[in-house]
Amino acid sequence: MRYLIVMLLAVCMMGRAQDSLPFEAEVAEIQKKYDTLWDASKETIVFTGSSSVRLWKDLATIFPEQQIVNSGFGGSQASDLLIHSEKLILRFNPKKVFIYEGDNDISSKKKPKRIIADIQQIIALVKEHNKATQIVLLSAKPSIARWHLRRKYRRLNRRIREICERDTNLAFANVWDIMLNGRKLRTDLFIADGLHMNAKGYALWQEVITKYIK
C-alpha cells in the first residue's frame, strides 16, 4: 500500500517538475530547524497540519517531558500534508502524531469525502512506516471568519470521528465543542483576523490534547 501511494505521489510530483511543490520552502525551513533540535534517540510526538498547529508556539513548553516536533505549515490542506508526509511526519518515526487538517480544505470548497480520502492515505503511510504509531486526528475548529461554513465543518468532523471509531490505533480529539458556549461560538478565543486563536483558545486545546499525550 505504501509503495502504491508513494508511486502516485511521485507521478504527481513529476507532473509538477517545472514548478515547485506547494509549501516546499516552508517545509525545507522546518526540516532545517529540526536538523539541530531533534534527537533521534528519543521518543517523539509530532504535531502537524495547518496554521492552527504552526502557531501553537509553546507546545514544547506545555509538554516538557516529551520531545515535541511541531511541523505545522500555514495554509495547508490534507492533500499538501500527504505530499510532504515523509518530511513532516515519517522522518521523525513518531510514537504518536497529532494531525490537524480539514479547516482550509472546507474553506476551499472541498467535499468531506475528498478530505477524508487524503487523510486516510496519510494514515496508511504512517502505518506502513510504523504500525505502532498512534494517530490522533483533531476535529476542525469553529471560527468567527468561517462560522458560515459550520454545517460543513460539522459534517467533516462526523466523518473524522467515524474513521477513528473503526480503528483502535486512531483517536479523535474533539476541539469543536469546547470552543462553543451552548450553540454559540466563543468569540473571545480569537485574534483580530477571526480565524486564528489567542492564548485562551490554545488553553482550551491543551485541555483536550493533554489526555491523548498521557
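The values are calculated or read from the model by the stated rules, or taken from the named source; none is laboratory data. Remember, it's a predicted structure, so these values are computed and weren't measured experimentally. Virtual Cβ from ideal backbone geometry, glycine too; neighbours counted across all protein chains shown. For accessibility, only protein heavy atoms count, side chains too; no ligands or nucleic acids. Shrake-Rupley method; radii C 1.70, N 1.55, O 1.52, S 1.80 Å.
One table, with the values for the structure above:
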{"read-out": "In Å², nearest 10: area of H84 left accessible to a 1.4 Å probe", "value": "10"}
{"read-out": "The range 128-214 - charge dipole about Cα centre, Lys and Arg +1 at Cβ, Asp and Glu -1, debye rounded to 20", "value": "420"}
{"read-out": "Filter on K87/K131; K33/K141; K113/K184; K184/K211; K95/K200 - keep pairs with C-alpha separation over 21 Å", "value": "K33/K141; K113/K184; K184/K211; K95/K200"}
{"read-out": "Contact order relative to length of the chain, as percent, for alpha carbon pairs under 8 angstrom and 6 or more apart", "value": "17"}
{"read-out": "Cα convex hull of the range 155-214 - mean projected area over all directions, nm²", "value": "5.0"}
{"read-out": "The chain: most fluctuating residue of S52, S107, S71 per GNM, C-alpha cutoff 10 Å", "value": "S107"}
{"read-out": "J(HN,Hα) series, the range 55-69, from Karplus relation 6.51 cos²θ - 1.76 cosθ + 1.60, nearest Hz, glycine and proline x", "value": "7, 7, 6, 9, 4, 5, 6, 5, 10, x, 7, 10, 8, 9, 10"}
{"read-out": "Whole-number accessible area per residue in Å² for the chain, which is evaluated in the context of all protein chains at 1.4 Å", "value": "52"}
{"read-out": "The chain: most fluctuating residue of L21, L156, L81 per GNM, C-alpha cutoff 10 Å", "value": "L21"}
{"read-out": "E162, E65, E29, ranked by accessible area, largest first (probe 1.4 Å)", "value": "E65, E29, E162"}
{"read-out": "Expected 222 nm ellipticity per residue - DSSP helices of 4 or more, -39500 (n - 2.57), all of the chain, to 500", "value": "-13500 deg cm²/dmol"}
{"read-out": "Relative contact order (percent, whole number), the range 13-112, Cα cutoff 8 Å, 6+ residue spacing", "value": "32"}
{"read-out": "Carbon and sulfur %, accessible surface of the range 67-214 computed with the full protein complex present, 1.4 Å", "value": "47"}
{"read-out": "Kyte-Doolittle at least 0.5, axis length at least 18 Å by Cα - qualifying DSSP helices, the chain", "value": "2-15"}
{"read-out": "q = 0.10 Å⁻¹, the range 31-170: log10 I(q)/I(0) [Debye, one scatterer per Cα]", "value": "-0.32"}
{"read-out": "Distant-in-sequence amide H partners of G102 (H built 1.01 Å from N, under 5 Å)", "value": "A78"}
{"read-out": "Amide H partners (placed H, <5 Å) of F63, local residues excluded", "value": "none"}
{"read-out": "Top of A192, A60, A173 by mean-square fluctuation, Gaussian network on the chain, Cα under 10 Å", "value": "A192"}
